[in-house]
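A.B. asks: Quick one: the structure is below, questions incoming.
The values are calculated or read from the model by the stated rules, or taken from the named source; none is laboratory data. It should be emphasised that the depicted structure is a prediction, and the values quoted were computed from it without experimental measurement. Here the Cβ is made from the backbone with ideal geometry for all residues, glycine too, and neighbour counts use every protein chain on show.
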Amino acid sequence: MLNIDPALATVHTVGAVTKISFVSGHVAGALTSHTDDITRWCASLAPTANVRTGAVTTDIAALLQSFGFAQARELVLMERDLEGFNTSIAIQDWAVSSWRCHFAARIDARTFPVGWDMTRSEITHALRATTDSGISFVTRGRQRIGYALVGASMDHAYLQRIAVLPTAQGLGFGALLAESCLQWAMERGAAKMFVNTESDNQPALSLYQRFGFEQCGERLFVMEKAATNQ
């Protein structure tokens, strides 16, 4: 079992992968003040399953690499100034409940590869990571075919997840969710919204650029360490 301070990170096990979500007060992985804690944890780490982090900054990625972690994915961080943004077509239902987390996780599992999807516990953790948060769904007929997850703390908002079932992609549902996330943030007084996505995910990059997101220049990384008993 992994011994990790719950004030530093939360642990989610998905099949053969143990996913570590480091706690951060700003963008996920901005952990400069926790470097000593991560060093002590890494020095004692002997994983029985593959260990994968959430998004971490360059300095933390370098630290993890010195303890045997390797880069699994490179992400780009994007931001949008919300001044003047307004739309009349945004989704208004952003309630948070256990059953909504359940349905969001089901959509996520059908949208992303195993191990890269967000579990119900991860979605719940993401909702608790900010002072305000919400989940919205898009439907086709009576079926929920996509969802968005957002959060905000002080004047910063975070587009934490957009997922649309593969059979419904390319039909405008992702755009509706992105626009709704921006409106949600605007209504809660956020000055900026942040999102990160894989550096080679052109459909996602194009979607966010369409809604005015620009790359910040900062790179984020998902790091992974293989189990020592493999």
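A.B. asks: Under 7 Å between Cβ atoms, which residue pairs at least 6 apart in sequence (or on different chains) link something in the stretch 185-212 that is closer than 21 Å to Ile91 by Cβ with a partner that is in a helix (DSSP H, G or I) and among the acidic types (Asp, Glu)?
C.D. replies: Phe211/Glu179
A.B. asks: When residues of the stretch 59-80 are filtered for being touching a Lys or Arg at 6+ places or on another chain (Cβ under 8 Å) and within 27 Å of Glu214 (Cα to Cα), how many remain? Spell out how you get there, then give the answer.
C.D. replies: Within the stretch 59-80, the first condition is being touching a Lys or Arg at 6+ places or on another chain (Cβ under 8 Å), and the residues that meet it are 64, 67-70, 72, 74-77, 79-80.
Remaining after also requiring within 27 Å of Glu214 (Cα to Cα): 72, 74-77, 79-80.
Residues meeting the conditions: 7.
A.B. asks: Still on this structure, I have one more. Residues in the stretch 175-184: is at least one over 20 Å from Gly134 (Cβ atoms) and touching a residue at least 40 places away in the same chain (Cβ under 8 Å)? First the steps, then the outcome.
C.D. replies: Just the residues of the stretch 175-184 that are over 20 Å from Gly134 (Cβ atoms), to begin with: none.
No, the stretch 175-184 contains no residue that is over 20 Å from Gly134 (Cβ atoms) and touching a residue at least 40 places away in the same chain (Cβ under 8 Å).
A.B. asks: Could you go through the stretch 81-88 and let me know if any residue there is part of a strand (DSSP E or B), in contact (Cβ under 8 Å) with a residue 40 or more places away in the chain and closer than 18 Å to Phe211 by Cβ. Full working, then the answer.
C.D. replies: Initial filter on the stretch 81-88 (part of a strand (DSSP E or B)): 81.
With in contact (Cβ under 8 Å) with a residue 40 or more places away in the chain added as a condition, the list becomes 81.
Among the residues that remain, those that are also closer than 18 Å to Phe211 by Cβ are: 81.
The answer is yes; a qualifying residue exists.
A.B. asks: Scan the stretch 79-134 residue by residue and report those that are surrounded by fewer than 12 Cβ atoms within 10 Å (Cβ to Cβ) and acidic (Asp, Glu).
C.D. replies: Glu83, Asp93 - these are the residues of the stretch 79-134 that are surrounded by fewer than 12 Cβ atoms within 10 Å (Cβ to Cβ) and acidic (Asp, Glu).
A.B. asks: Taking the stretch 98-125 as the region of interest, how many residues are among the β-branched types (Val, Ile, Thr), within 13 Å of the chain's Cα centre (by Cα) and not in a helix (DSSP H, G or I)? Write out each step before concluding.
C.D. replies: Within the stretch 98-125, the first condition is being among the β-branched types (Val, Ile, Thr), and the residues that meet it are 107, 111, 114, 119, 123-124.
Now drop any that are not within 13 Å of the chain's Cα centre (by Cα), which leaves 119, 123-124.
Now narrow it down to the ones that are not in a helix (DSSP H, G or I): 119.
Residues flagged as among the β-branched types (Val, Ile, Thr), within 13 Å of the chain's Cα centre (by Cα) and not in a helix (DSSP H, G or I) within the stretch 98-125 amount to 1.
A.B. asks: Please state which one of Ala163, Ala148 is touching a Ser or Thr at 6+ places or on another chain (Cβ under 6 Å), small (Gly, Ala, Ser), modelled with pLDDT of 95 or more and under 16 Å from Ala95 (Cα atoms). Give the derivation first.
C.D. replies: Details: Ala163 fails: under 16 Å from Ala95 (Cα atoms).
Step by step, each of Ala163, Ala148 is checked, and only Ala148 is touching a Ser or Thr at 6+ places or on another chain (Cβ under 6 Å), small (Gly, Ala, Ser), modelled with pLDDT of 95 or more and under 16 Å from Ala95 (Cα atoms).
A.B. asks: Continuing with this model, one more query. Here's a check for you: in the stretch 60-78, which residue that is outside any strand (DSSP E or B) and surrounded by 14 or more Cβ atoms within 10 Å (Cβ to Cβ) is modelled with the lowest pLDDT?
C.D. replies: So in the stretch 60-78, the residues outside any strand (DSSP E or B) come out as 60-69.
The next check asks that each one be surrounded by 14 or more Cβ atoms within 10 Å (Cβ to Cβ); those that pass are 60-61, 63-65, 67-69.
Details: Ile60: 81, Ala61: 87, Leu63: 85, Leu64: 86, Gln65: 91, Phe67: 85, Gly68: 87, Phe69: 89.
Out of the qualifying residues, it is Ile60.
Residue-by-condition table, conditions (1) surrounded by fewer than 18 Cβ atoms within 10 Å (Cβ to Cβ); (2) under 17 Å from the mean Cα position of the chain (by Cα); (3) at pLDDT 95 or above:
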{"residue": "Arg142", "(1), (2), (3)": "yes, no, no"}
{"residue": "Leu159", "(1), (2), (3)": "no, yes, yes"}
{"residue": "Thr167", "(1), (2), (3)": "yes, no, yes"}
{"residue": "Gly174", "(1), (2), (3)": "no, yes, yes"}
{"residue": "Leu182", "(1), (2), (3)": "no, yes, yes"}
{"residue": "Glu198", "(1), (2), (3)": "yes, yes, no"}
{"residue": "Gln215", "(1), (2), (3)": "yes, yes, no"}
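A.B. asks: Turning to a different aspect of this structure: Could you list, in sequence order, the residues of the stretch 129-146 that are among the hydroxyl-bearing types (Ser, Thr, Tyr), part of a strand (DSSP E or B) and in contact with a strand residue (DSSP E or B) (Cβ under 6 Å, 6 or more places away or on another chain)? Steps first, answer last, please.
C.D. replies: As a first pass, look at the stretch 129-146 and keep what is among the hydroxyl-bearing types (Ser, Thr, Tyr): 130-131, 133, 136, 139.
Now narrow it down to the ones that are part of a strand (DSSP E or B): 133, 136, 139.
Matches in the stretch 129-146: Ser133, Ser136.
A.B. asks: Now for a different question. Any chance you could count how many residues in the stretch 96-125 are hydrophobic (A, V, I, L, M, F, W, C) and more than 15 Å from Ala163 (Cα to Cα)? Steps first, answer last, please.
C.D. replies: Just the residues of the stretch 96-125 that are hydrophobic (A, V, I, L, M, F, W, C), to begin with: 96, 99, 101, 103-105, 107, 109, 112, 114, 116, 118, 123.
With the extra rule that they be more than 15 Å from Ala163 (Cα to Cα), the set shrinks to 96, 99.
Final tally of qualifying residues: 2.
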